[in-house]
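A short worksheet on the structure shown next.
The values are calculated or read from the model by the stated rules, or taken from the named source; none is laboratory data. Values in this document were obtained by computation on a predicted structure and should not be read as measured data. Cβ coordinates were reconstructed from backbone atoms using ideal geometry, including for glycine residues, and neighbour counts include every protein chain displayed. Only protein heavy atoms, including side chains, enter the accessible area calculation; ligands, DNA and RNA are left aside. Shrake-Rupley method; radii C 1.70, N 1.55, O 1.52, S 1.80 Å.
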Amino acid sequence: MSEVVSYENKGNIGVISVNNPPVNALAQVVREGILNAVTAAQADASKAIVLRCEGRTFIAGADITEFGKPPREPGLPVVLDAIENSAKPVIAAIHGTALGGGFEVALACHYRCAVPSAKVGLPEVKLGLLPGAGGTQRVPRIAGVEAALDMITSGNPIGAGKAAEMGLVDEVVKGDDLEAEAIQYAKRLVESGAPLRRIRDITIDPATIEPGFFDNARKQLARRARGQIAQDKIVSCIEAAVKLPMDEGLQRERELFRELLTSPESAAMRHIFFAERQASKIKDLPNDTPVRDINKVAIIGGGTMGGGIAMCFANVGIPVVMLEINDEALQRGIGIIRKNYSITVQKGKMSEEQMEQRIASISGTTNYADIGDVDLVIEAVFENLELKKEIFAKLDRVCKQGAILATNTSYQDVDAIAAVTSRPQDVLGMHFFSPANVMKLLEVVRGAKTADDVLATAMQIGKKIGKVCALSRVCYGFIGNRMLGGYGREAQMLLLDGCTPEQVDSALEGFGMAMGPLAMSDLAGLDVGYKARQSRTDLPDDPKLYRMGTLLVEMGRHGQKTGSGFYKYDPATRARMNDSEVETLIKEEAEKLGIKQRQISNEEILARCFYPLINEGALILEEGIAQRPSDIDVVYVFGYAFPVAKGGPMFYADQVGLKNVYDKICEFRDRYGEDYWKPAPLLKKLAEQGKTFAEWGVENG
Ligand code: 3HC
Ligand code: NAI
């Protein structure tokens, strides 16, 4: 047939095999191959056709690398028509993940069988798209409107068992050999005279849908979509599945799919899809770099971060020993872990039994002798360099040779920590984000002497515990926290210039940030930044700098934990409310400092807060702290809730145009001085050359 699609008649069953590694994406050659095979099968002696895949998975979707390029025939709908109109039953045999266009291929088949470990799903929404080959029309017809809405707007895959309950899979096979099982299943269907069952022939009775159902769904989704436009269009497609005949529904779906395909949101989300995968690759490490076995982990410090990190490992079945200063601290730490798991159980996302199993895999100790046999240690004690050095010297004495010693420090010098050990090659930073069991980002911090296999192991274990990993070299705050400095500073400066806290936060939330910077400081505790600033000697001596944050802390307003900060908080609901006392205080302070307050546009708020991030990002690239611009985007999307539909700060800067960003930074420099606004040489160079960060990333390989 073709290199990637073969066809063979095996005992009256035609078997189409797709072999397009790594994930059997529906590239043009695959589409053409399937079309040719289905056509050929119509004319031979086969009684039914099995569609299966080689390698690790069934078709995982359209080939995302083809998006944005001129379409090449045959289009997927043509292939699906051929399958659905086949005169012989076509049976999809699913293993791995049947996703997106891949699952749509399976849905066009007359029957679907799957191994128990298989998953099916329509993840297009995660790329800012909707299923463009009938997914929105076929899933509601077979699984119901509500289930379809949930599946397609969440994009989350469903296991074979659940899919069978929902009618999306007809047979979950028992044996290991899927091809043989699928052939047997096909034979049984033929023998029993099973009909050519086409999902398109099902109609949904509109009377079964409650009035207002779709409007309510739109409202609910708008609340959680944060600038993503696909959700609303998915609702429209499913509504079309109820109200329109199949062909008109498919046409509507195709139109909306095309609209999304050319949207900036989808371009940004596709950028993040590839950026995420690239970030885990270390440029100067060969693919075959060996990795060390990680079968047992120790966490030093069972506080906010230590507890969350312990959960990450327990969740994937890796035993953890948590070391604390005393029994009381240990019990407190384990208590918080139990409380966190109980919330998951209450939400019905975990069984009591699973919770007990996971807690049982976390043991506690106050004795270093108990961690001598672990393969990986992650230190998460107070943010104090001397304390961390003391602990690493102890670890060096007690840990077995070959153990990896990691620090979760936010700001401290990983090389200084490594230097107190006799094995700096085994030391690195593994910087998690709070809450560590929830946030997806893991910054892997490469010390000057960190060994290659230690880095490769950290990347691999990070993926195993469900994190998105990005590599950073050592600097103050690494990639993420270092860039954040100017963002928080400007949010406060804007207050003195005339904004209310609400105005600053709303502008950034309107852009898509989950929470504005001032509300975020209230949540984290204003005293945290206050204390951190006291130990810094590098900050300019400027009374305007963090003026409001400092004053609020000195008034006892530490944020949510004291009921007030930049805002006041309802004690019962924690709802944030504007506080006229703070607004008056801001005005008084501006007056004292001789600042003439003015109306400030949302555009200026965004530029003042984001351009320092971007400028620092450019410095980080020049200094080689981050490997690529897209790694910085990954850090911000997965660690700081930067809206994925904007693609991360560096991608966003490319969209705004680096010349525009540079010119604005120069304007701010002229207005506010070089202490805060000094254009990075790389930004200046690229702006002058009319280039983007993405182009620079490609040139710098
Ligand atoms: N198109 C092109 N390349 C793809 C791809 C796709 N759909 N899916 C994965 N890849 C590439 C990855 O970029 C990666 O490449 P690399 O090795 O060069 O970095 C390689 O395949 C392996 O991918 P992962 O590292 O993600 O492998 P995993 O085993 O961890 O995960 C997976 C496998 C679950 C299939 C995951 O890759 C995935 O979720 N893929 C995307 C699935 C998807 O979104 N499908 C819908 C596409 S849109 C669509 O179908 C539109 C339709 O409705 C018309
Ligand atoms: P925390 O104060 O909640 O917990 C620290 C824990 O360490 C306490 O339970 C304490 O009893 C324990 N501890 C102190 N000295 C110890 C010792 N000698 N031996 C064993 N345990 C000891 O602090 P948090 O927030 O968990 O931070 C820990 C580290 O993680 C810090 O380096 C911090 O900068 C970093 N971090 C914090 C983040 C956050 O958002 N809280 C995010 C990312 C990193």
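At q = 0.11, 0.12, 0.22, 0.23 Å⁻¹, work out log10 I(q)/I(0) for the range 490-621 with the Debye formula, treating every Cα as an identical point scatterer and leaving solvent out; two decimals please.
Log-scaled intensity ratios, in q order: -0.39, -0.47, -1.51, -1.57.
Mind running the shape call on the range 447-560? Use the C-alpha gyration tensor, a ≥ b ≥ c as the square roots of the eigenvalues: rounded below 1.5 for a/c, prolate if a/b tops b/c, oblate otherwise.
prolate
Roughly what % of Cα-Cα distances in the range 35-124 sit above 19 Å, to the whole percent?
41 percent
Viscosity 1.306 mPa s, temperature 10 °C: give me the Stokes-Einstein translational D for the range 160-318 in µm²/s, with Rh taken as the Kirkwood radius over C-alpha pairs.
72 µm²/s
Before rounding to the nearest 500, sum -39500 (n - 2.57) across all DSSP H runs of length at least 4 in the chain and divide by the residue total; then give [θ] at 222 nm in deg cm²/dmol.
When only DSSP H runs of four or more count, the value is -15000 deg cm²/dmol.
Rounded to the nearest 5, what % of the DSSP beta bridges within the range 5-260 are antiparallel ones?
Of the beta bridges lying entirely in the range 5-260, close to 30 percent run antiparallel.
Give me the three principal axis extents of the range 569-701 from the C-alpha atoms, as integers in angstrom, largest value leading.
Principal-axis extents of the Cα atoms in the range 569-701, largest first: 53, 39, 23 Å.
For the range 88-153, what is the per residue volume of the convex hull drawn over the alpha-carbon atoms, in cubic angstrom?
In the range 88-153, the Cα hull volume divided by residue count equals 83 Å³.
Rounding to the nearest 10 and keeping the result within 0 to 90°, find how far the Cα-based axis of helix 246-261 lies from the longest principal axis of the chain.
So the helix axis and the longest Cα principal axis differ by about 30 degrees.
What are the semi-axes of the equivalent ellipsoid for the range 224-319, taken as the square roots of 5 times the Cα gyration tensor eigenvalues, largest first, in whole Å?
Semi-axis lengths for the range 224-319 are 43, 20, 14 Å.
Have a look at the DSSP beta bridges in the chain and tell me what percent are antiparallel, nearest 5.
30 percent
Using a 1.4 Å probe, what is the accessible area per residue for the range 5-260, in Å²?
Computed with neighbouring chains in place, this is 42 Å² per residue.
Given N residues in the range 5-260, what is Rg(Cα) / (2.2 N^0.38 Å)?
0.97
Working out 0.36 nm times the residue gap between Ile343 and Ser601, then minus their Cα-Cα distance, what length gain in nm do you get to one decimal?
So the chain would gain 88.7 nm between Ile343 and Ser601.
Under unit Cβ charges (Lys, Arg +1; Asp, Glu -1), what dipole magnitude, rounded to 20 debye, does the range 5-260 have relative to its Cα centre?
380 debye
Mind pulling up the Rg/Rh value for the chain? Radius of gyration and Kirkwood radius, both on Cα.
Result: Rg/Rh = 1.00.
With everything on Cα atoms, drop me the angle between helix 213-225 and the longest principal axis of the chain, reported from 0 to 90° to the nearest 10.
For 213-225 against the chain, the angle is about 40 degrees.
In whole Å and largest first, what semi-axes does the C-alpha gyration tensor of the range 288-399 yield when each eigenvalue is scaled by 5 and square-rooted?
25, 18, 12
State the answer as a single residue: which of Thr573, Ile600, Ala590 lies farthest towards the positive end of the charge dipole of the range 569-611, with beta carbon charges of +1 for Lys and Arg and -1 for Asp and Glu, about the Cα centre.
Value: Ile600.
How are the alpha carbon pair distances in the range 138-252 distributed across 5 Å bins from zero to the largest one, expressed in percent?
2, 10, 17, 18, 17, 14, 9, 7, 5, 2, 0
Calculate how many DSSP beta bridges within the range 297-477 are antiparallel, expressed in % of all such bridges and rounded to the nearest 5.
15 percent
How many times 2.2 N^0.38 Å is the alpha carbon radius of gyration of the range 297-477?
Relative to the 2.2 N^0.38 Å estimate, the range 297-477 comes out at 0.97.
Tell me the Kirkwood hydrodynamic radius of the range 20-60 in angstroms, computed as one over the mean inverse distance between distinct C-alpha pairs.
11.2 Å
Leaving ligands and nucleic acids out of the surface, order Ile614, Ile202 by accessible area at 1.4 Å, largest first.
From most accessible down to least: Ile202, Ile614.
What whole number of Å gives the distance from the Cα centroid of the range 10-40 to the Cα centroid of the range 437-454?
So the separation of the two Cα centres works out to 41 Å.
Where nothing but the Cβ of Lys and Arg (+1) and of Asp and Glu (-1) is charged, how large is the charge dipole of the chain around its Cα centre, in debye to the nearest 20?
Approximately 340 debye in magnitude.
For a paramagnetic label modelled at 7 Å from the Cα of Glu259 toward its Cβ, which residues of the range 100-127 fall within the zone defined by backbone nitrogen distances under 14 Å?
The answer is none, because no backbone nitrogen lies closer than 14 Å to the label point.
Helix 178-191 against the longest principal axis of the chain: what's the angle in degrees, Cα atoms only, rounded to the nearest 10?
40 degrees
Leaving ligands and nucleic acids out of the surface, order Lys349, Lys531, Lys691 by accessible area at 1.4 Å, largest first.
Lys349, Lys531, Lys691
Taking the Cα centre of each part, how many Å lie between the range 262-301 and the range 614-681?
Answer, in whole Å: 21.
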